[in-house]
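Some notes on the structure that comes next.
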Amino acid sequence: MSQLETKYTFCRICEASCGLVADVQDDKVVSIAPNRDHHGTLGFSCMKGLHQHRMYDSPDRLRYPLKRVGDTFERISWGQALAEIGAKVRQLRGVSPHSIGMYVGTAAGFSILHPIFAEGFMQGIGSRNTFSSSTQDCANRFAAATEMYGFPFFQPFVDLDNVECMLVVGTNPVVSKWTFLQVAHPIKRMKEVKARGGRIIVIDPRHTETAKVAGEHVFIRPNADVFFFLAFLQEIFATGRCDEARIRPHSSGLDELRAAVADWTPEKTAAATGIPAAQLRQLVATFCDANGAAIVTGTGLGMGQDGTLAQWLAECIIAVTGNLDRRGGTLVGAGIFDFAGYAKKAGMFTRKARSRIGNFRELNGGFPGAILADEILTPGRDQIKSLFVTGGNPLMTMANSGRLRDALAQLELLVVTDIYLNETASLAHYVLPATSPLQRPDLPFVFPLFLGMQSIPYLAATDSVVEPEGEQRDEASIYTDLATASGVNLFGSKAVQWFLRGLKLANRLRHPRAQPGLPQRFILDQMLRRSGHGSFRELLRHPGGKPRDQVAPGTFLGKRPTTDDGLVHLAPPEFIAGTGLLGERFTALTSGEGDGVFRLISKRAHSTHNSWTQNIDELTNGEHNQTNHVYVHPADAAKLGLAEGDVADIESATGAIRLPVRLLEELMPGTVSVPHGWGHQHARGLGVASRLAGANVNLLASDGPDSVEQLSGMSHLSGIAVTVRAAAGPVNRQSWSGC
Ligand SMILES: Nc1nc2c(c(=O)[nH]1)N[C@H]1C(S)=C(S)[C@@H](COP(=O)(O)OP(=O)(O)OC[C@H]3O[C@@H](n4cnc5c(=O)[nH]c(N)nc54)[C@H](O)[C@@H]3O)O[C@H]1N2
Ligand SMILES: Nc1nc2c(c(=O)[nH]1)N[C@H]1C(S)=C(S)[C@@H](COP(=O)(O)OP(=O)(O)OC[C@H]3O[C@@H](n4cnc5c(=O)[nH]c(N)nc54)[C@H](O)[C@@H]3O)O[C@H]1N2
Ligand code: SF4
Ligand SMILES: [Mo]
């Protein structure tokens, strides 16, 4: 047995990117602890991060390429996998490059090279059909930022050190660890805001963990944020609280915006939001009187029906009150290079392709996930016949899983690159084994690195902590090899493809016994050097992160927006038109939708991460972790004749699931909640998770071009209309599963 070694790294599961210390023996991680001396992450970590090695060392981990033969998976060599996949891609591409699609999942986002190389492969193929988890997550924000600031990744974030009033709308950072800003230790950071007299007010259909820390909470009905913000803005203008002197010189559309919100008085919207007019007026006064105020939003808002309009209005509130680009308001980060300027010059994110189904505009190089099944199932020359899935599990996480299952089963080629044989991989023709985060060198992911979205800015690098096992390979190498095998060049560039092949060859000569692949450290090192940020080796000498300066207020407005005129566009025509189309939605929210209709929302838990941490034994023991539940308010449960532990049928227009009931006082009555990412009973390669009960809530979400939010392509995953009733028929553990 070799000596215990201590290695510094950082977590790549969620945006908090916690600094970690791993104890390694015989090339195995034996324990992980938080890095208490980390400059940016303050010794914080969570149980997922601390137990992740259990997930990576599991006997279920993919270690070799697999091929489905009949009903079973057989181990094959990389050579065979690449050759067979490449041959099929060539054949399909000969008919139409668009018949080859890709789905990029959320795990891809946490490696800096993975999404770049996956996208490079699709560019090489020449296919427009890329999909990603972003239309289940945050595409509404990208759509709003593109129209307002000219660049999807200009995502202003709260100046957490100085904010005096923070509205938290549709996000639960205490559990999710913040989104669209790197904030480790959210409870500590929120308590600091309060300790200096700041106020944090949570607007959410549930009295969340964050609301408990904030101490102030206002219930809002699901899907009603757009009306809340319309009235909020109306009140700002009506009470003369718009900071015209500050915003007018740097913006366009102020008057159109004012006119568009004029009719939405707090009295009018109260019936839709459930927030009385007087309370809304008080919120506006608190917000505007603060010396620095911001609105923090998240997926609860984005997955609703009008996420783009709601996000746009939130940005407008911040801008017209003078809080954009201001101390204590919101800041626009800066990464290691001028990403926005570079993207503009290179013509990135400006492709004008339209989807075959629904004629959707491409946003950030991707189409709405909720049309994927239609793109596969609808005959035609560009029909998707082959799909590459990378770092995601769409079968569990996308809308209308039932229909998607049928669609995936019809593909001529499904290739999944993952660390596990998850549900989606269980349907694949080929499954490619990826390295885990602890087996690869890395820089922080794109938000902190390229965009400086960090509450405490720093730069960091990590080497791999342990070596790959079996024939696991990193995704940058996998997509380079897939391009070669498919007869295409990464990024459509012969020079790039030849350069990468040369790099691979040189690496092979240096490390003949390792899995063939690219020298990842070299590529990462080049990124740092070319942007003038030292070297990879130098960064490794800062295991607690190398501090950077926080972006200063006053550096964005008038200087950085990449709209054609350099102004912030407060009234993009499509958004203004959108406010004119809200009548039906308003009527639906205000007229009551008939007895027994509930609005279904999500609920993340500390121990689960979307669909992929249920395979860790340590996180799934305990009575309440054996299944997901439907959470119901006690008053609603009484009306429905349901008690804690009863089994209920939950039904939407799209599907039905059966789950045990838990009573939850913290819900707004009329709202029920079901956590997503459950229902693993049919996964072939999740030994722990498939023994759990539970149901996949996305069997209830609708898909298809009419179901998506039209401005951004977001799926509607929160605020779904459902009925709930005592289960009819047999009540046993297996029957809970709706998958
Ligand atoms: N109802 C409902 N649905 C939701 C949500 C919700 O709140 N409610 N949330 C949505 C959100 S925000 C998101 S982002 C999506 C997520 O949707 P997806 O990205 O499709 O799903 P994940 O469950 O995050 O799957 C991540 C996969 O990556 C694999 N993986 C982990 N590390 C690596 C790695 O290093 N390399 C590779 N190749 N694979 C790796 C895991 O094993 C897992 O299979 O789900 C969405 N769906
Ligand atoms: N533990 C854990 N952490 C995670 C993840 C995980 O699965 N588990 N997933 C990671 C991922 S991929 C992401 S994108 C982030 C997401 O991070 P967040 O956006 O913070 O996601 P949630 O924690 O689901 O918080 C959404 C909140 O919106 C509320 N809500 C639902 N509908 C509405 C509505 O219509 N209006 C309003 N105002 N509120 C509403 C919900 O009650 C909930 O409190 O979390 C990341 N971190
Ligand atoms: S909060 Fe947990 S999962 Fe997220 S980065 Fe930190 S340790 Fe990893
Ligand atoms: Mo996400």
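The values are calculated or read from the model by the stated rules, or taken from the named source; none is laboratory data. This one's a predicted model, so the numbers in the text were calculated from it and none came from an experiment. Every residue, glycine as well, gets a Cβ built from its backbone with ideal geometry; the counts of neighbours run over all protein chains shown.
Cβ separations smaller than 6 Å between residues 6+ apart or across chains give the following pairs from segment 585-596 residues that are modelled with pLDDT under 85 to residues that are among the polar types (S, T, N, Q): 596/723.
Of the helices (runs of 4 or more DSSP H) lying entirely inside segment 78-196, those containing at least 2 residues that are under 20 Å from residue 225 (Cβ atoms), under 21 Å from the mean Cα position of the chain (by Cα) and more than 16 Å from ligand 4 (Cβ to nearest atom) are 139-149. Scanning segment 597-626 for residues that are more than 16 Å from ligand 4 (Cβ to nearest atom) and at pLDDT 95 or above yields 598, 599, 600. Can you find a residue in segment 41-53 that is surrounded by fewer than 19 Cβ atoms within 10 Å (Cβ to Cβ), within 13 Å of residue 466 (Cβ to Cβ) and not assigned by TED's automatic domain parsing to the domain that holds residue 616? No; the residues of segment 41-53 include none that is surrounded by fewer than 19 Cβ atoms within 10 Å (Cβ to Cβ), within 13 Å of residue 466 (Cβ to Cβ) and not assigned by TED's automatic domain parsing to the domain that holds residue 616. Only one entry in 216, 235 is touching a Pro at 6+ places or on another chain (Cβ under 9 Å) and acidic (Asp, Glu), namely 235.
Pairs are defined by a Cβ separation below 7 Å, a sequence spacing of at least 6 or placement on different chains, a first member in segment 440-456 that is closer than 26 Å to residue 515 by Cβ, and a second member that is of a type in the set (Asp, Glu); the pairs so defined are 440/474; 441/463. With respect to the stated conditions, residue 539 is out of contact with any Gly (no Cβ under 6 Å at 6 or more places or on another chain) and surrounded by 18 or more Cβ atoms within 10 Å (Cβ to Cβ).
State yes or no: is residue 254 hydrophobic (A, V, I, L, M, F, W, C), surrounded by 22 or more Cβ atoms within 10 Å (Cβ to Cβ) and touching a residue at least 40 places away in the same chain (Cβ under 8 Å)? So residue 254 fails the test. Selection of segment 153-178 for residues being near ligand 2 (Cβ under 9 Å from one of its atoms) and either surrounded by fewer than 23 Cβ atoms within 10 Å (Cβ to Cβ) or farther than 16 Å from residue 445 by Cα (or both) yields 168, 169, 170, 171, 172, 173, 174, 175, 176. Candidates 69, 30, 24: the one that is among the β-branched types (Val, Ile, Thr), more than 24 Å from residue 542 (Cα to Cα) and either surrounded by fewer than 14 Cβ atoms within 10 Å (Cβ to Cβ) or more than 14 Å from ligand 3 (Cβ to nearest atom) (or both) is 69.
Counting only strands (runs of 3 or more DSSP E) wholly contained in segment 378-470, no element carries 3 or more residues that are crowded, with 24+ Cβ neighbours inside 10 Å and among the hydroxyl-bearing types (Ser, Thr, Tyr). The condition of being at pLDDT below 95 and more than 16 Å from ligand 3 (Cβ to nearest atom) holds for only one of 701, 689, 656, that being 689. Aliphatic (A, V, I, L, M) and within 25 Å of residue 2 (Cα to Cα): does that describe residue 66? Judged against the criteria, residue 66 is not a match. Please verify whether segment 491-499 includes one or more residues that are touching a strand residue (DSSP E or B) at 6+ places or on another chain (Cβ under 7 Å) and touching a residue at least 40 places away in the same chain (Cβ under 8 Å). No, there is no match, as no residue in segment 491-499 is touching a strand residue (DSSP E or B) at 6+ places or on another chain (Cβ under 7 Å) and touching a residue at least 40 places away in the same chain (Cβ under 8 Å). Looking at segment 504-550, which of its residues are in a loop (DSSP other than H, G, I, E, B) and of a type in the set (Asp, Glu)? Across segment 504-550, the qualifying residue is only 549.
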